[in-house]
There are 2 protein chains.
Amino acid sequence: MSDFENLKLENQICFPLYALSRKVIQLYKPLLDKYNLTYTQYITMLVLWEKENISLKELGKKLYLDSGTLSPVVKKLVKQGLVEKYRSQADERIVELRLTAGGREMKEDAVEIPEKLYSQFEGDPETLVKLKNNLDQVLSQFKDES
Amino acid sequence: MSDFENLKLENQICFPLYALSRKVIQLYKPLLDKYNLTYTQYITMLVLWEKENISLKELGKKLYLDSGTLSPVVKKLVKQGLVEKYRSQADERIVELRLTAGGREMKEDAVEIPEKLYSQFEGDPETLVKLKNNLDQVLSQFKDES
DNA sequence: ATTAATTAAGTTGAGTACAATTTAATTATA
DNA sequence: TATAATTAAATTGTACTCAACTTAATTAAT
């Protein structure tokens, strides 16, 4: 019964997930360079473009990232004038983020980013829709575990 | 026409890819700790368990990783006695890797890793198969681009 | 045969990820 | 109410990822 099939790279589910994730982030890079954003900074801006006021805690929940990752990311965005940071008056432990006018302005131009990214995909767009549905479904099964 | 739908986090394809990838790697962690392997070290071992002799270059091609990532990873595996490293006699630029007896031994126990990982997935296993097929399909469209 | 171009690894620096710890503020409890 | 427990951020340390650069070896071109 020495069956090593499950140890073959091609049979891993996580590996194409991990490889494709990095690949797509690399595709974003030239598009984001124009805005001086990294991918992590970009998805932070996506959240702020939807909700201009949000706590760091809430942001982390949406992005599945903790303060160890987000603190330095937000610090950078503040430095670039896209975000303001202040302590909540009601609870001094909480850091609140607020989109600045400059950050709001960037949104207008940034609509080109997903457009240009998707235009780079050859093949059936339906494949991407299916993929996204699959990913969301599987991700939801772990959402509240850890 | 100020349509910001494509800038919503929930409409991103890359984000669930990125989030799920990190989530699954976190699920591997407790399983890999037992073997003193990180995820990146683990997928390197997967390759070596399939092909006991391989150049660093070839390894990088399979994992979509460059020497900047792999050099230190391999150095760790050598230190742990799982892999041997030597320069090719035919071409001194090339570093060849060889699985050691200890590395081969680990394979026997490591079959439990994918088993235990998959057992943690609730929901229909068919969903995972579909996901993997989707990922492979999309990944193959970028394989030779960069 | 020399020189130029290419190739494979390795190194460096910036930016994540994440576990673990620390600090400060708030809430719960004896 | 004083103390304990909890919570949110920040910090620290380890490891990965990748672009850019360096070094050494090989191959191509003059």
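The values are calculated or read from the model by the stated rules, or taken from the named source; none is laboratory data. Predicted, not measured: the structure shown is a model, and the values here were computed from it. We place every Cβ from the backbone using ideal geometry, glycine too, and count neighbours over all the protein chains shown. Protein only, heavy atoms only, side chains kept; ligands, DNA and RNA dropped before computing areas. Shrake-Rupley method; radii C 1.70, N 1.55, O 1.52, S 1.80 Å.
At a glance:
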read-out	value
Furthest towards positive pole of dipole, A:Leu59, A:Val129, B:Ser71, structure part the protein assembly as shown, Cβ charges	B:Ser71
Reciprocal of mean inverse Cα separation for segment A:9-117 (Kirkwood radius, Å)	15.1
Helical contribution to [θ] at 222 nm, DSSP H n ≥ 4, -39,500 (n - 2.57), averaged over the protein assembly as shown, rounded to 500	-18500 deg cm²/dmol
Two-site label geometry, B:Ser119 and A:Ser71: point separation in nm, points 7 Å out along Cα→Cβ	3.8
Overall Cα dimensions of the protein assembly as shown, principal axis frame, Å, largest first	61, 40, 39
Residue-averaged beta-carbon neighbours from other chains (10 angstrom radius) around A:92-99	0
28 Å Cα-Cα threshold exceeded, pairs from B:Lys51/B:Lys116; B:Lys29/B:Lys79; A:Lys34/B:Lys76; B:Lys57/B:Lys107; A:Lys62/B:Lys57	A:Lys34/B:Lys76; A:Lys62/B:Lys57
Local net charge near B:Glu92, Cβ-Cβ under 15 Å (Lys/Arg +1, Asp/Glu -1)	+2
Calculated FRET efficiency for the pair B:Ala90/A:Ser140, C-beta based, R₀ 41 Å, to 0.05	0.20
Cβ-placed point charges (K, R +1; D, E -1), dipole of the protein assembly as shown about Cα centre in debye, nearest 20	1120
Phi to ³J(HN,Hα) by Karplus 6.51 cos²θ - 1.76 cosθ + 1.60 over segment A:44-61, Hz, x for Gly, Pro	5, 5, 4, 5, 5, 6, 8, 9, 5, 10, 7, 7, 4, 4, 4, 4, x, 5
Which of B:Phe15, B:Phe4 is most accessible, then next, and so on - probe 1.4 Å	B:Phe4, B:Phe15
Eligible aspartates and glutamates near B:Lys75 by straight Cα distance, threshold 17 Å, same-chain separation 8 or greater	B:Glu52, B:Glu58, B:Asp66, B:Glu84, B:Glu96
Summed residue charge, Cβ within 9 Å of B:Val78's Cβ, Lys/Arg positive, Asp/Glu negative	+3
Dipole moment magnitude, nearest 20 debye, segment A:9-117 about Cα centre, only Lys, Arg, Asp, Glu C-beta charged	280
Largest-first ellipsoid semi-axes for segment B:1-42, taking √(5λ) over the Cα gyration tensor eigenvalues, angstrom	35, 7, 4
